[in-house]
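Below is one structure; the comments refer to it alone.
The values are calculated or read from the model by the stated rules, or taken from the named source; none is laboratory data. Keep in mind that this is a model prediction, so the values were computed, not measured. For neighbour counting, all protein chains shown are included, and Cβ atoms are generated from backbone atoms with ideal geometry for every residue, glycine included. For accessibility, only protein heavy atoms count, side chains too; no ligands or nucleic acids. Shrake-Rupley method; radii C 1.70, N 1.55, O 1.52, S 1.80 Å.
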Amino acid sequence: MYPSRFKYESPNTVEEAIKLLDAGKGEAKILAGGQSLVPMLKLRFAFPEQVVDINNIPGLDYIRFDADGTLHIGALVRHEHLEKSLEISKRQPTIAAAAPLVADPIVRTRGTFVGSVCHADPQGDWAATMIALNGSIIVQGPKGKRTIAMKDFVLGPYANSMNYNEIAIEAVIPAPQGVARGGYLKLERRVGDFATASVAVALDMKGDVVVGAGFALAGVGGKTIDANEAASALLGQKLTEATIAKAAAIVAAKAEPRTDHRGSAEYKRHIVETFVKRILVANSTQKVA
Amino acid sequence: MKLDEVKIGGMGASRRRVEDNRFIRGKGNYVDDIVLPGMLHMEILRSPVAHARIKSIDTSAAWDMPGVRLVLTGEMMAARNLAWMPTLSYDTQAVLATDKVRFQGQEVCAVIADDPYIAKDACGKIVVDYEILPPIVNPVQAADANAIQIRDDKAGQVGNKVFDWEIGDKARTDKAFADADVVSKIELHYPRTHPSPMETCGSIADYDRATGKLTVYMTSQAPHIVRAAVAMVAELPEQNIRIVTPDIGGGFGNKVPIYPGYVVAILASILTEKPVKWIEDKTGNLISTGFGRDVYLKGEMALRKDGKILGVRMNTISDHGAFFSDAQPSKFKIGLMHSAFACYDIPTAHMFATGYYTNKAPGGVAYRCSFRVTEAMFFQERMVQAAADDLGMDQAEFRRVNFVKDEQHPHRTAFGFLTDSGQYEKCLDIGLEAINYKNFAAEKAEAAKRGRLLGIGISVMTEPLGAGNSREYDILGIKMFDSAELRIHMSGKALLRTGSRGQGTGHETTWAQIVAHELGIPADDILVEEGDTDTAPFGMGTYASRSTPVAGAAIAMVARKVRAKARKLAAHLLEVSEEDIEWELGRFYVRGNQERGVTIQDCAMAAYSNMPDGMEPGLENVAYYDPPNLTWPFACYIAKVEIDPETGVWDVLQFVAVDDCGVRINPMIVEGQIMGGLTEAYAMANMQYQTYDEEGNIIGGNYMDFLLPTAWETPGFELYEVVTPCPHHPIGAKGVGECATVGGPAAFVNAVMNALTEKGVRNIDMPLMPNRVYEALTTGKDVYGMPPVRSGN
Ligand SMILES: Cc1cc2nc3c(=O)[nH]c(=O)nc-3n(C[C@H](O)[C@H](O)[C@H](O)COP(=O)(O)OP(=O)(O)OC[C@H]3O[C@@H](n4cnc5c(N)ncnc54)[C@H](O)[C@@H]3O)c2cc1C
């Protein structure tokens, strides 16, 4: 591959990295897993003056649950770590369901969860997952740290609300009041394909009553789609045929698909509705502790 | 003691591939691995638009960049009479555009620089002013009376038609249709796809002014054809042209043609007097080099109520892109499309073919098939299924009724081919048994209870592989024979060279096995060399499954010539007359006294140290083989699929392949070829195609949209074999490299369509993506892949 010429820096601390970004005045780019940045460099869609590789900064690859159940995912946690984590599979079923559907096994060994959220690809799986889980991103800049809620983080396709001199340090996912349930379904043409349509559903359940719910979509709009308002169909209710159908209809209405070579807009909307129903049905028949 | 043929790596040995030793160690030597002193690097600037007049090209900023040695434009090529080059189908193709660009990705300029980064940067500095013209992206638009003419460069060209061509007996076929009880019809589009070898095209041209010698290292499946073409186009003396093809990272037909990049790199080397390397990037390969298929297929079948086929009509409309550069025998404008229905006993047939220019990449290469045989067999088996449905007959039974029977061979097909052998019914029976056809109705009912649709699809075919004979097959007038040269060293080890070119296909392994079979020299003692035109005997190269049928036969023949001389040496050593000598594998002995003998190695030593008076020393020979006919492998593929009607997603539950490729030289390699071919067949049926939007932008110009299947979604394949030796091939072998790509797609598609029969759906065009299946399911209507759709999100 023959990208444009760039300077390469590989700092060992977050502070050093921030200094480099700050000095770069918007012309420096962070390299995490490289699975989106490098293809863009190759295609010369991105031509930063400087690439700041954060892979040599120690201590950013943690997956940590607080005592209350809040989940922290460090900036260098790879997709594969999430896929293989027992903790995640037990406690965060939406993430656990999405992880093996992100890209292909090779990409998953390199790409990072946080990098993917930062990249804000409308077809990316993690930004959708984070919106459904009502997560937030902790970013650090020259003036210290701040927390950005997911609903304010993704601004549009490939655009987030960070400043050029900030680094995303970790993703935070709030603890459920009851038990975290949910799922993730993705229609792809082949393993390693981006979503034709993806649906993230996060549920917070007490017994068989829904006390919290989140929905988000990838691949069916110009940006990651926040469909959290569908929670209104479920809150305080059980997952019945009627409540499921209502929620699915609201989510489907939020999709903004376009007709293209992957299918018609109607087809994609239908897939969204079908997938929401499937995830909710699977959770309703699940034995609830 | 008698030699064990399998132990010495002879015929039938599943010998490990000798070439893999270097490949798995990362020690392969591909074009891009070659570094020559002082080498420069070339990058091509391609057209971003499909159809435009070039108003001006400003290269000054590129020239000004440090490290840039040369910037070439069409005008500069034209000054040297190199702006256009001949194609393999008697058309012309622009090397660098002069007047217009005619497809997105067309070569416009080339920069030659000290390193590839500079070359790429400099391409970005070239300013081309385009006046956009309306693009034509399918034959329907091309045929329109008011359509803009794409090839206004060609004197005498009318409209956008490339050719009209027909074959068969029209009057007799018309009569068959008049007499028919039932006429069954089908219409479909075989989408454009791309061979997409892992290694892209590329070359290093190295012109030495002192010696006048031009050496070109390149990824060609047919190096000798390149040498001939360079001699003609560049007007260099042929003895001073050396084409070397190092290891090839896959070809699949993509590396048969001569591409503009090769020509430009050669000129650049002549002008700069330095070696010039050009390595295409992946997108360049996908959007500008030889694609496959892109044909509308329409046809009908005249049927008798009892199921007998009375006649067939076919109509093809092919899209050739901007230049007619199909790589195919010159006599046949639409390749061997007329091999369709060769396994069926059909009294009469007629085909009409039309080709059009469009503003799409040129090509029409035989992507893993023998010149359009893939389209032919796909159409055949889709037509057969439609006919069985219309008659209300069981699809297996309908085929059985119409097969050419084993004892009818050799059989003249309705389109005029002569098939040499075939046991189609036997293949079908093995396949049906393996897939448990009898139980299918019960399985289908069980699946219906789970809300799933089950379908079973059959594809049976025989195909012509291994062109020529020279009477009928030539490329640009050069007859399609092949060659082998065998040298036995004094220690009994050997060097074999052929005019074919392996490209991951295992030639270095199997060719040695043929020699081992003929001479009893262990395969491990035989070095196989190919691809250097200074050393290899002339051959037409490797494509269309022709290496084993043609070069493979030449190898057997040259080994027999060598054996004939060795026999004389044996007679001399054993002090008996030649007539008293008998041969067994690896050894001559005196008739009636098996103990008294000499080995082939003894004879080899004698050829250098103890030849009889008057005998020419040495033990080597050359054979050129002109096959009497094509070889006709045959196969039966059966797929069982399950459809999720809520999404249109379908999964393959079972896939059975029964292949007869005659005698199997290396069964492991044969199985590998079949597995690989089926994987490609699955890709085409399920996910893979290249299409263009209304503006002529290609969709499928990178691996995000041009999908290659991975091990994850590719189904498992169960392989079975039948062996019917080819009656006219010296070792009874037939081609096999392409059978599965050719016959496979129809099995998958027929299976999905079988599941949808009750919905009244007759056709969904490939690829059968979930959205298309869902649309068919919910509307009860056929789904066509064309006209083109809008590009992606
Ligand atoms: C073949 C292939 C298939 C893929 N398929 C999918 C798929 O199906 N679903 C999917 O969701 N993704 C897919 N991806 C993308 C993949 O998930 C990427 O890993 C992910 O989008 C980006 O993460 P990264 O760590 O690789 O980021 P990088 O490529 O290193 O960076 C991406 C962008 O984010 C910025 N960035 C990264 N980390 C930080 C940080 N800590 N702070 C601030 N900015 C940061 C970078 O500057 C850059 O602009 C695929 C990628 C490939 C190559």
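Yes/no matrix, rows are residues, columns are (1) in contact with a strand residue (DSSP E or B) (Cβ under 7 Å, 6 or more places away or on another chain); (2) without any contact (Cβ under 8 Å) to a residue 60 or more places away in the chain:
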site: B:Val18; (1), (2): no, no
site: B:Met39; (1), (2): yes, no
site: B:Val49; (1), (2): yes, no
site: B:Met65; (1), (2): no, no
site: B:Val95; (1), (2): yes, no
site: B:Asp99; (1), (2): yes, yes
site: B:Cys109; (1), (2): yes, no
site: B:Lys125; (1), (2): no, no
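When A:Asn55, A:Asn134 are screened for being of a type in the set (S, T, N, Q) and away from the ligand (no atom under 14 Å from the Cβ), only A:Asn134 passes. Of the residues making up region B:515-539, those that are closer than 15 Å to B:Arg17 by Cα and under 23 Å from the mean Cα position of the chain (by Cα) are B:Val528, B:Glu529.
In summary, B:Ile478 fulfils each of the numbered conditions (1) of a type in the set (A, V, I, L, M, F, W, C); (2) open to solvent by less than 50 Å² (accessible area, probe 1.4 Å); (3) at pLDDT 95 or above with the single exception of condition (3).
Condition check ((1) crowded, with 19+ Cβ neighbours inside 10 Å; (2) within 14 Å of another protein chain (Cβ to nearest Cβ); (3) closer than 30 Å to B:Ile555 by Cα) across all residues:
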residue: B:Gly735; (1), (2), (3): yes, no, yes
residue: B:Thr741; (1), (2), (3): yes, no, yes
residue: B:Phe748; (1), (2), (3): yes, no, no
residue: B:Thr757; (1), (2), (3): no, no, no
residue: B:Thr778; (1), (2), (3): no, yes, no
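State whether the residues of region A:55-76 include one that is of a type in the set (D, E, K, R), closer than 30 Å to B:Ile279 by Cα and away from every other protein chain (no Cβ under 14 Å). No, the conditions are met nowhere in region A:55-76. Among the conditions (1) away from the ligand (no atom under 12 Å from the Cβ); (2) without any contact (Cβ under 8 Å) to a residue 24 or more places away in the chain, the only one that A:Ser161 does not satisfy is (1).
Restricting region A:28-54 to residues that are farther than 21 Å from B:Lys120 by Cβ and part of a strand (DSSP E or B) leaves a set whose member that is most open to solvent (accessible area, probe 1.4 Å) is A:Ile30. Within region A:28-52, the set of residues being within 14 Å of another protein chain (Cβ to nearest Cβ) and more than 11 Å from the ligand (Cβ to nearest atom) comprises A:Leu43, A:Arg44, A:Phe47. Would you check if B:Ile248 is of a type in the set (A, V, I, L, M, F, W, C), within 18 Å of the chain's Cα centre (by Cα), modelled with pLDDT of 95 or more and outside any helix (DSSP H, G or I)? Yes: the conditions hold for B:Ile248. If you scan region A:66-80, which residues turn out to be more than 13 Å from the ligand (Cβ to nearest atom), of a type outside the set (Gly, Ala, Ser) and without any contact (Cβ under 8 Å) to a residue 60 or more places away in the chain? Answer for region A:66-80, where residues must be more than 13 Å from the ligand (Cβ to nearest atom), of a type outside the set (Gly, Ala, Ser) and without any contact (Cβ under 8 Å) to a residue 60 or more places away in the chain: there is none.
Kindly provide the set of residues from region A:63-79 that are under 17 Å from the mean Cα position of the chain (by Cα) and assigned to a loop (DSSP other than H, G, I, E, B), ordered by number. Once the filter is applied, which keeps residues that are under 17 Å from the mean Cα position of the chain (by Cα) and assigned to a loop (DSSP other than H, G, I, E, B), region A:63-79 yields A:Thr70, A:Ala75, A:Leu76, A:Val77. Close contacts from region B:521-534, counting a first residue that is at positive phi and a second that is part of a strand (DSSP E or B), with Cβ to Cβ under 8 Å and a gap of 6+ residues or different chains, come to B:Gly531/B:Val244. Within region B:83-100, being modelled with pLDDT of 95 or more and touching a Leu at 6+ places or on another chain (Cβ under 9 Å) holds for B:Ala83, B:Val95, B:Leu96, B:Lys100.
If the condition is being within 14 Å of chain B (Cβ to nearest Cβ), at negative phi and within 10 Å of the ligand (Cβ to nearest atom), then region A:102-121 contributes A:Val102, A:Asp104, A:Ile106, A:Val107, A:Arg108, A:Asp121.
For region A:211-232, the set of residues classified as among the hydroxyl-bearing types (Ser, Thr, Tyr), within 15 Å of the ligand (Cβ to nearest atom) and not in a loop (DSSP other than H, G, I, E, B) is empty. Taking the conditions (1) open to solvent by 10 Å² or more (accessible area, probe 1.4 Å); (2) touching a residue at least 12 places away in the same chain (Cβ under 8 Å) in turn, A:Ile271 satisfies each one other than (1). Looking only at residues of region B:680-718 that are within 30 Å of B:Pro134 (Cα to Cα) and of a type in the set (Ser, Thr, Tyr), we find that the one that is farthest from the other protein chains (Cβ to nearest Cβ) is B:Tyr692.
B:Pro767 satisfies every condition listed in (1) within 11 Å of chain A (Cβ to nearest Cβ); (2) farther than 28 Å from B:Ser370 by Cβ except (2).
So that you can scan it fast, the table gives a plain yes or no per residue for (1) within 10 Å of the ligand (Cβ to nearest atom); (2) in a loop (DSSP other than H, G, I, E, B); (3) not assigned by TED's automatic domain parsing to the domain that holds A:Ala127:
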site	(1), (2), (3)
A:Leu21	yes, no, yes
A:Gly26	no, yes, yes
A:Lys90	no, no, no
A:Thr94	no, no, no
A:Pro100	no, no, no
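Taken as a whole, the structure leaves B:Leu391 outside the set of residues that are within 29 Å of the chain's Cα centre (by Cα) and open to solvent by 20 Å² or more (accessible area, probe 1.4 Å). When A:Gly59 is tested against (1) of a type in the set (Gly, Ala, Ser); (2) touching a helix residue (DSSP H, G or I) at 6+ places or on another chain (Cβ under 6 Å); (3) farther than 25 Å from A:Ala159 by Cβ, only condition (2) is not met. For region A:102-132, a residue qualifies if it is open to solvent by less than 20 Å² (accessible area, probe 1.4 Å) and more than 16 Å from A:Gly192 (Cβ to Cβ), and the qualifying residues are A:Thr112, A:Phe113, A:Val114, A:Val117, A:Ala120, A:Pro122, A:Ala127, A:Ala128, A:Thr129, A:Met130, A:Ile131, A:Ala132.
Name the strands (runs of 3 or more DSSP E) wholly inside region B:45-124 in which the number of residues that are closer than 25 Å to B:Ile258 by Cβ, hydrophobic (A, V, I, L, M, F, W, C) and within 14 Å of another protein chain (Cβ to nearest Cβ) is 1 or more.
Strands (runs of 3 or more DSSP E) meeting the threshold: B:107-113.
Per the listing B:Val128, B:Val137, the residue uniquely of a type in the set (Val, Ile, Thr), surrounded by 20 or more Cβ atoms within 10 Å (Cβ to Cβ) and closer than 24 Å to B:Tyr90 by Cα is B:Val137. The residue that is nearest to the other protein chains (Cβ to nearest Cβ), counting only those in region A:184-210 that are more than 16 Å from the ligand (Cβ to nearest atom) and outside any loop (DSSP other than H, G, I, E, B), is A:Val201. Look at region A:113-126: where a residue is in contact (Cβ under 8 Å) with a residue 24 or more places away in the chain and a partner is of a type in the set (Val, Ile, Thr) and near the ligand (Cβ under 6 Å from one of its atoms), sitting 6+ places away or on another chain with Cβ atoms under 8 Å, you get A:Gly115/A:Ile30; A:Ser116/A:Val102; A:Cys118/A:Ile30; A:Asp125/A:Val102; A:Trp126/A:Val102.
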